[in-house]
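The values are calculated or read from the model by the stated rules, or taken from the named source; none is laboratory data. Quantities reported herein were computed from a predicted structural model and do not represent experimental measurements. Glycine gets a Cβ as well: all are built from the backbone with ideal geometry, and neighbour counts include every protein chain shown.
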Amino acid sequence: MNAIVIDEIIAAIGASSVTTDVAEMAPYLSDWRGSYQGKALAVIRPATTEDVARTVAICAAHRTPIVPQGGNTGLVGGSVPDGSGTAIVLSLNRMNHIRAADTANDTITVDAGVVLQIVQEKARSVDRLFPLSLAAEGSCTIGGNLSTNAGGTNVLRYGNARDQVLGLEVVTPQGEIWHGLSGLRKDNTGYDLRHLLIGAEGTLGIITGATLKLFPLPKSRAVAFVALASPTCAVNLLSRMKRVFADRLVGFELVSRRCIDLVLAHIPNTRAPFATPYFWHVLIELNDSRADAPIGEWLEAELADAFEAGVALDAVIATSEAQINELWRLREEISEAQRLNGKNVKHDISIPISSIADFIEQCDAALIAEFPDIDLVCFGHLGDGNLHYNCGLATAGAVNSASINDIVYRSVGKFEGSISAEHGLGQLKRDEIVKHKSAVAIQMMREIKRALDPLNIMNPGKVLQ
């Protein structure tokens, strides 16, 4: 049966799109962190949406599971097959064309396999901004970004990935094509299928193309690294900045002292932002579409007021693009620095902004009481309530991780937060989510899955069991 499926796919889309070679398949069968390893019948690399549809139809006829894959940069095992070897991996990395850029409508239409950075560069080439931005933007793809509803550093101003999409092209689990590449901003004609597919992690269909929103390209930027006494001060400063700058405020990132120490220790050519070590920091970015907007002066004035009010302790305001990049590097290299430092348990959580300071204080205390030598590395997108609350492990990591997760997730629940803010559920949180969403919500999700994918061939074992 397995050979028949592969032979039919080869006949339908060509042998050059199919590989069963063990060495060639290897990069598609594990995630970039090495946390998940699977097996597959074959790796399929279609060149067109029609090829995807033909492949899915064949798999549906034989009930062969399909694991869609973009850049394979996910953090929860969503794009890696299980160990059974019964699934195909369907990689969209050959579908990498910019289809159209419409500056009058401020949209860009792309294949799902286009790398995020390429979309950003194309937008800049027509004097526009595509604002989705995250650490993996040089290798992650639009399809993967949409399937996980990616977040990143600009959510405060522009929203998550779903907020930047107007239309989708999708292959259904039956192998049909939904041609939904609309550039309309208003279309109130029934259920919004676009938002059902975004964030579904390939469990309801395969996104093959998208029409994305473009924005005016910022012509001026102001960036500051600000020292504070506590997360409470960070939340207060955020409120002040939002009140004064509104949509000009595009980034507000929380960074603990431990994060800075790790970056300085493990990342070459980095330096401390202040001579005096402080416990907490925020990285602030403003931008404006006018080149002559004095946003640097405005930021300096507002920070001066924050000093007078006792909210801020110190600040460095970048005076050049090189300094802007240097300050942002301190934030962007935190995850890599922690990886180099040793084993850790990662948490991608969201908390109401008003409760973040209390969450950090109480969760820190609960973890330290249980694990006195735990290494707490807290940072993230404070402006939208998303914390990367990571825990370094000195010993017995495999044993401690479950206990650490239990403490963190109970704290998240206490403050009515979410255990997944922007990374998705994948395999990692598939079983955990049933403890944190209501039985009604889980049942609705299961019913949607059964209705759209009754054969359960679309990325089985992800999101829901």
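Look at the range 236-277 and say how many of its residues are of a type outside the set (A, V, I, L, M), assigned to a strand (DSSP E or B) and within 17 Å of L313 (Cα to Cα). Before the answer, list the steps.
So the first thing to find is which residues in the range 236-277 are of a type outside the set (A, V, I, L, M), and the list is 236, 239-240, 242-243, 245, 247-248, 251-253, 256-259, 261, 266, 268-271, 273-274, 276-277.
After this cut, where a residue has to be assigned to a strand (DSSP E or B) as well, the list is 251-253, 256.
Next cut, within 17 Å of L313 (Cα to Cα) only: 252-253, 256.
Residues that pass the stated criteria total 3.
Hey, can you tell me all the residues within the range 178-193 that are farther than 17 Å from M458 by Cβ and either touching a residue at least 24 places away in the same chain (Cβ under 8 Å) or assigned to a helix (DSSP H, G or I) (or both)? Give the steps one after another, and end with the answer.
To start, the set of residues in the range 178-193 that are farther than 17 Å from M458 by Cβ comprises 179-192.
Residues satisfying the conditions are L181, S182, G183.
Could you list, ordered by first residue, the pairs with Cβ atoms under 7 Å in which the first is in the range 288-303 and surrounded by 14 or more Cβ atoms within 10 Å (Cβ to Cβ) and the second is in a helix (DSSP H, G or I), at least 6 apart or interchain?
Partner pairs satisfying both residue conditions: D288/R248; D288/I295; I295/R248; E302/R240; E302/M241; E302/V244.
If you go through the range 87-111 one residue at a time, how many are touching a Leu at 6+ places or on another chain (Cβ under 9 Å) and either among the β-branched types (V, I, T) or modelled with pLDDT under 95 (or both)? Steps first, please.
Initial filter on the range 87-111 (touching a Leu at 6+ places or on another chain (Cβ under 9 Å)): 87-89, 99, 101-103, 105-111.
Retained after the next criterion (residues that are either among the β-branched types (V, I, T) or modelled with pLDDT under 95 (or both)): 88-89, 103, 107-110.
Of the residues in that region, 7 qualify.
Among the numbered criteria (1) more than 26 Å from F359 (Cα to Cα); (2) in contact (Cβ under 8 Å) with a residue 12 or more places away in the chain; (3) assigned to a helix (DSSP H, G or I), which single criterion is violated by Q465?
For Q465, the failing item is (3).
Being acidic (D, E) and either over 27 Å from H266 (Cβ atoms) or out of contact with any Asp or Glu (no Cβ under 8 Å at 6 or more places or on another chain) (or both), is that true of even one residue in the range 338-351? I'd like the intermediate steps shown before the answer.
Here is the first cut: in the range 338-351, the residues acidic (D, E) are 348.
So of that shortlist, the ones also either over 27 Å from H266 (Cβ atoms) or out of contact with any Asp or Glu (no Cβ under 8 Å at 6 or more places or on another chain) (or both) come out as none.
No, that holds for no residue.
I'm trying to understand the selection: among the residues of the range 424-446, which are part of a helix (DSSP H, G or I) and either farther than 25 Å from L90 by Cα or of a type in the set (S, T, Y) (or both)?
E432, I433, V434, K435, A439, V440, A441, I442, Q443, M444
Taking only the range 347-368 into account, find how many residues are surrounded by 14 or more Cβ atoms within 10 Å (Cβ to Cβ), out of contact with any helix residue (DSSP H, G or I) (no Cβ under 8 Å at 6 or more places or on another chain) and of a type outside the set (S, T, Y).
Count: 3.
Out of G152, G167, I need the residue that is touching a Leu at 6+ places or on another chain (Cβ under 7 Å) and at pLDDT below 95. Which one?
Working: G167 fails: at pLDDT below 95.
Within the list G152, G167, the selection yields G152.
Limited to the range 408-444, what total is found for residues that are surrounded by fewer than 18 Cβ atoms within 10 Å (Cβ to Cβ) and among the aliphatic types (A, V, I, L, M)?
Total meeting the criteria: 6.
I'd like the full set of residues that are of a type in the set (G, A, S), surrounded by fewer than 23 Cβ atoms within 10 Å (Cβ to Cβ) and over 15 Å from I4 (Cα atoms), limited to the range 56-84. Reasoning before the result, please.
Taking the range 56-84 as the starting set, the residues that turn out to be of a type in the set (G, A, S) are 57, 60-61, 70-71, 74, 77-79, 83-84.
Filter once more, so that each one left must be surrounded by fewer than 23 Cβ atoms within 10 Å (Cβ to Cβ): 57, 60-61, 83-84.
Within the range 56-84, G83, S84 meet the criteria.
For L204, state whether it is in the same structural domain as L116 (by TED's automatic domain parsing) and part of a loop (DSSP other than H, G, I, E, B). Lay out the reasoning, then the answer.
Numbers: in the same structural domain as L116 (by TED's automatic domain parsing): yes; part of a loop (DSSP other than H, G, I, E, B): yes.
When the stated conditions are applied, L204 passes them.
Residue check, L132 against (1) buried (at least 24 other Cβ atoms within 10 Å of the Cβ); (2) under 24 Å from P173 (Cα atoms); (3) at pLDDT 95 or above, all met but one. Which one?
(2)
Within the range 98-110, which residues are in contact with a Gly (Cβ under 8 Å, 6 or more places away or on another chain) and in a loop (DSSP other than H, G, I, E, B)?
The initial filter retains those residues of the range 98-110 that are in contact with a Gly (Cβ under 8 Å, 6 or more places away or on another chain), namely 99, 102, 105, 107, 109-110.
Selection gives N105 alone.
Suppose the filter is over 18 Å from G113 (Cα atoms) and either without any contact (Cβ under 8 Å) to a residue 60 or more places away in the chain or not assigned by TED's automatic domain parsing to the domain that holds W178 (or both); does Y28 pass it? Write out each step before concluding.
Numbers: over 18 Å from G113 (Cα atoms): no; either without any contact (Cβ under 8 Å) to a residue 60 or more places away in the chain or not assigned by TED's automatic domain parsing to the domain that holds W178 (or both): yes.
Against the criterion (over 18 Å from G113 (Cα atoms) and either without any contact (Cβ under 8 Å) to a residue 60 or more places away in the chain or not assigned by TED's automatic domain parsing to the domain that holds W178 (or both)), Y28 does not qualify.
Being over 22 Å from the mean Cα position of the chain (by Cα) and hydroxyl-bearing (S, T, Y) is the filter; apply it to the range 85-119 and report the residue that is surrounded by the most Cβ atoms within 10 Å (Cβ to Cβ).
Only one residue fits best here, namely T86.
Which numbered condition trips up K122, out of (1) assigned to a loop (DSSP other than H, G, I, E, B); (2) touching a strand residue (DSSP E or B) at 6+ places or on another chain (Cβ under 6 Å); (3) surrounded by fewer than 23 Cβ atoms within 10 Å (Cβ to Cβ)?
The failed condition is (1).
So is G397 within 20 Å of L262 (Cα to Cα) and at pLDDT below 95 or not? Can you show your working first?
Values: within 20 Å of L262 (Cα to Cα): yes; at pLDDT below 95: yes.
So G397 fits the description; yes.
So A227 passes all but one of these: (1) more than 30 Å from T73 (Cα to Cα); (2) touching a strand residue (DSSP E or B) at 6+ places or on another chain (Cβ under 8 Å); (3) outside any strand (DSSP E or B). Which condition number does it fail?
Answer for A227: the failing condition is (3).
Just name the residue that is surrounded by the fewest Cβ atoms within 10 Å (Cβ to Cβ) out of those in the range 240-283 that are small (G, A, S) and in contact (Cβ under 8 Å) with a residue 24 or more places away in the chain.
Initially, the range 240-283 is screened for residues small (G, A, S), giving 246, 251, 256, 265, 272, 275.
When the remaining residues are screened for being in contact (Cβ under 8 Å) with a residue 24 or more places away in the chain, the result is 251, 256, 265.
Details: G251: 24, S256: 20, A265: 11.
Among residues in the range 240-283 that are small (G, A, S) and in contact (Cβ under 8 Å) with a residue 24 or more places away in the chain, the one surrounded by the fewest Cβ atoms within 10 Å (Cβ to Cβ) is A265.
Residues that are hydrophobic (A, V, I, L, M, F, W, C), surrounded by fewer than 18 Cβ atoms within 10 Å (Cβ to Cβ) and either in contact with a Lys or Arg (Cβ under 9 Å, 6 or more places away or on another chain) or modelled with pLDDT of 95 or more (or both): does the range 35-44 have at least one?
no
Among the residues of the range 211-239, how many are buried (at least 17 other Cβ atoms within 10 Å of the Cβ) and farther than 12 Å from L286 by Cβ?
15
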